[in-house]
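S.K.: Quick one: structure below, then a few questions.
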Amino acid sequence: MSKKNNNENIVSETQIAVHWKEEEYFGPNPKFKEQANLSDPNVLEEYGEKNFPECFNKYADLLTWDKKWDTTLDTSNPPHWKWFVGGKLNASYNCIDRNLAKNKNKTAIHFVPEPENEAITHITYQELYYKVNEFAAVLRDYCGLKKGDTVTLHMPMVPELAITMLACARIGVIHSQVFSGFSGKACADRIVDAKSKYLITSDSYYRAGNLLDHKEKADIACDNAEEKGQHVDKVLIWQRYPGKYSAATPLIEGRDVFVNDILKDYRNAKVDPVSLDANDTLFLMYTSGTTGKPKGAQHSVGGYMSYVTGTSKYIQDIHPEDVYWCMADIGWITGHSYIVYGPLALAASSVIFEGVPTHPDAGRPWRVAEELDVNIFHTSPTAIRALRRVGADEPTKYDYHFKHMTTVGEPIEPNVWRWYYNVVGKKEAVIVDTWWQTETGGFLCSTVPGLHKMKPGSAGPGAPGIYPAILDEDGKLLPKGCGKAGNIVIRNPWPGLMMTVWGDDERFKRQYFDRYCKDPKSTDWHDWPYFAGDGAVEATDGYFRILGRIDDVINVAGHRLGTKELESAGLMVDEVGEAAVVPVADPIKGKIPHIFVSLKPGYKASEELMKKVSDTLASEIGPIAKPGRVWIVPDMPKTRSGKIMRRVLGAIASGQDAGDVTTLANPQIVEEIKKLY
Ligand code: WTA
């Protein structure tokens, strides 16, 4: 995308910003403060720039290392920063084994199935230890997987997903979990990029009352990967009901096996955790980017684990006695960092919820909270909006008490924030609005809940040890409180940042650093600000308000979808000649995609064709990509150089003024498209 386009987007975001006023402060709550892991303001200073990078040793010290590191930060190969060099550790050991001494009989995972008549299961640390060891033995001895191999996971929200991740981590196998709602084809792209020979999946899972056949996606994924040159040797299938196959799709002989059958040969097997270098890879997490092809954010063992453990302790304020529920999906980074790795490293009890929050009614989450005595709750603005819309009074009917709540994934509107605070939190809970990304491993901006006041709609200052800034297009610093939006950058390295884009160092550098790198030859980190791709404003109090993406990515219900990926799915419909996708504001999901298509000659617009386009997006990418509307247009508005003017389409789809279109090659088309509104 050209600089000019970025500018245009920033300008429109700035206009939004001008309409937003600064909100009043809330808290911090004195009762919360008394028990908080971080409530001494002097500690914050220790994370200031003069103590960087050594300040992050404190995060690393929260883990158990096989060998302590020699160097905190190595900047010799920018921007591939290396943290805790020389250190050795294992993530699975840190999340399980080391908790056995004091907490072996404590629940590690509460699994809440979607059907309410199915029992909640409580997996203790001891049980988790057994299950992870047994499955690690399957991976190592049955599959022959070893350190550095990749496997793709396409699993729903069941405890076996966490078990699979931790078993991989135990033997140094790199896991790449694909969101279960993604289609078989989307999974295939990620298998191909990661070069996985193994796919681990589940036969079925519940979603809004239906037991879905998930195994059929594995067949599509393997066939599609094969076409693209990646052969999948084996598909390991976990059963939703162990011992019973709950999908209609037949097994493929020689390729598909039930985990439950193989496990019988590995009862009580023990697998020593493999001691890994701090800069070995723990996992890949694919995320949408500007050029369409999803990129694999490659996260380290040492830096990542240190960062998620530190932020889970100080921002999520997790204590071992807490019952912590993050209602995200483990298929996204939030689930990796803040359902699995961070909370378990701190010996918390973490809730895994299979279902849809509003099913069978909007009281469900609050019944779960009451039942399990959840005291830390973590979700997204999309879920909050949906729960408010269908059940604004529901929380008052249940006897639960949160001390802490998190919002993540998108900007939260101040009035939605207030409902979350007053009704869901019963004015007892602090809220942290955590801004971060798949690439960043953990939180970047957030208030420290025992120290800072909250401000609705603002993520807050940089997290401890994170130094954000707002830069204009020329890299000039925009001062606090100037009321102008710019690009938010993080001036310094931090341990949670991905090491690179899997298989594409160049793209890593280009996407996140080229924009503001002051000197490509420099090995001084000050010259390499991290470009996050979000527009933001900084208020006089140093709080950052995030305005949204400035690139070709649409944030639907907190999930990043690449517009290019959606457009290429649209182009798979035979009749479609050109496709353009734009984000449109949606009261529940934040943004939803609208797709504009023009048809190849000889075809006519019809309801069926619209449905075909919509269905294709859902089948290619997944149901979350279903467009809010399919517009069949006579032609696309284009610049003289032939570029589709998405800005104009976006304005039309939102019912707004399309602005000056006289410079277009075909300005008359704008009026024709407007008639369709
Ligand atoms: C957006 C999710 C406003 C932002 C953890 C970012 C947010 C993208 C917030 C990353 C927040 C995330 N306020 N916007 N608190 N948190 N975002 O990679 O645009 O799925 O760049 O990571 O979500 O999405 P991702």
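S.K.: Of everything in region 76-96, what is outside any strand (DSSP E or B) and buried (at least 19 other Cβ atoms within 10 Å of the Cβ)? Give them in sequence order.
M.R.: 78, 79, 81, 87, 90, 91, 92, 93, 94, 95, 96
S.K.: So for region 124-137 (the condition being aliphatic (A, V, I, L, M) and in a loop (DSSP other than H, G, I, E, B)), does at least one residue qualify?
M.R.: no
S.K.: Identify all residues within region 293-321 that are assigned to a loop (DSSP other than H, G, I, E, B) and either within 16 Å of the ligand (Cβ to nearest atom) or open to solvent by 10 Å² or more (accessible area, probe 1.4 Å) (or both); write none if there are none.
M.R.: Restricting attention to region 293-321, the residues satisfying the condition of being assigned to a loop (DSSP other than H, G, I, E, B) are 293-294, 301, 315-321.
Across region 293-321, the qualifying residues are 293, 294, 315, 316, 319, 320, 321.
S.K.: Sort out which residues of region 417-465 are open to solvent by less than 10 Å² (accessible area, probe 1.4 Å), within 12 Å of the ligand (Cβ to nearest atom) and β-branched (Val, Ile, Thr), and write them in order of number.
M.R.: Correct list: 431, 432, 434, 440, 447.
S.K.: Still on this structure, I have one more. For region 53-68, which positions are open to solvent by less than 20 Å² (accessible area, probe 1.4 Å) and either at positive phi or in a loop (DSSP other than H, G, I, E, B) (or both)?
M.R.: Listed by number, the list holds a single entry, 63.
S.K.: When you scan region 163-179, do you find a residue that is closer than 30 Å to residue 370 by Cα and open to solvent by 10 Å² or more (accessible area, probe 1.4 Å), even just one? Write out each step before concluding.
M.R.: We begin by selecting, within region 163-179, every residue closer than 30 Å to residue 370 by Cα; these are 163-166, 179.
In the following step, the residues that additionally are open to solvent by 10 Å² or more (accessible area, probe 1.4 Å) were identified as 179.
Among the residues of region 163-179, at least one is closer than 30 Å to residue 370 by Cα and open to solvent by 10 Å² or more (accessible area, probe 1.4 Å), which makes the answer yes.
S.K.: Looking only at region 363-378, decide whether some residue is away from the ligand (no atom under 16 Å from the Cβ) and in contact with a Leu (Cβ under 8 Å, 6 or more places away or on another chain).
M.R.: yes
S.K.: I would also like to ask the following. Hey, which of the strands (runs of 3 or more DSSP E) in region 178-220, taking only ones fully inside, have at least 2 residues that are aliphatic (A, V, I, L, M)?
M.R.: 198-202, 210-213
S.K.: Can you pull out the residues in region 461-487 that are touching a Cys at 6+ places or on another chain (Cβ under 8 Å) and under 24 Å from residue 297 (Cα atoms)?
M.R.: Those that are touching a Cys at 6+ places or on another chain (Cβ under 8 Å) and under 24 Å from residue 297 (Cα atoms): 462, 463, 464, 465, 466, 468.
S.K.: May I ask you to list the residues in region 8-32 that are at pLDDT 70 or above, outside any loop (DSSP other than H, G, I, E, B) and open to solvent by less than 80 Å² (accessible area, probe 1.4 Å)?
M.R.: Hits for region 8-32 are 26, 32.
S.K.: Only one residue in 166, 199 is within 20 Å of the chain's Cα centre (by Cα) and modelled with pLDDT of 95 or more, so which one is that?
M.R.: Only one candidate qualifies: 166.
S.K.: So, of the residues in region 529-552 that are β-branched (Val, Ile, Thr) and more than 8 Å from the ligand (Cβ to nearest atom), which turns out to be nearest to residue 443 (Cα to Cα)?
M.R.: Filtering first and then ranking leaves 537.
S.K.: Assuming residue 526 fulfils every condition listed in (1) free of Cβ contacts under 8 Å to residues at least 40 places away in the same chain; (2) within 16 Å of residue 467 (Cα to Cα); (3) within 16 Å of the ligand (Cβ to nearest atom) apart from one, which condition is it?
M.R.: Result: residue 526 fails condition (3) only.
S.K.: Restricting to region 180-189, give me the number of residues that are surrounded by 24 or more Cβ atoms within 10 Å (Cβ to Cβ), of a type outside the set (Gly, Ala, Ser) and over 19 Å from residue 205 (Cβ atoms).
M.R.: Total satisfying the criteria: 0.
The values are calculated or read from the model by the stated rules, or taken from the named source; none is laboratory data. Note that this is a predicted model, so its numbers are computed, not measured. FYI the Cβ positions are ideal-geometry reconstructions off the backbone, even for glycines, and counts take in every protein chain you see. Side chains included, ligands, DNA and RNA excluded: accessible areas come from the protein's heavy atoms. Shrake-Rupley method; radii C 1.70, N 1.55, O 1.52, S 1.80 Å.
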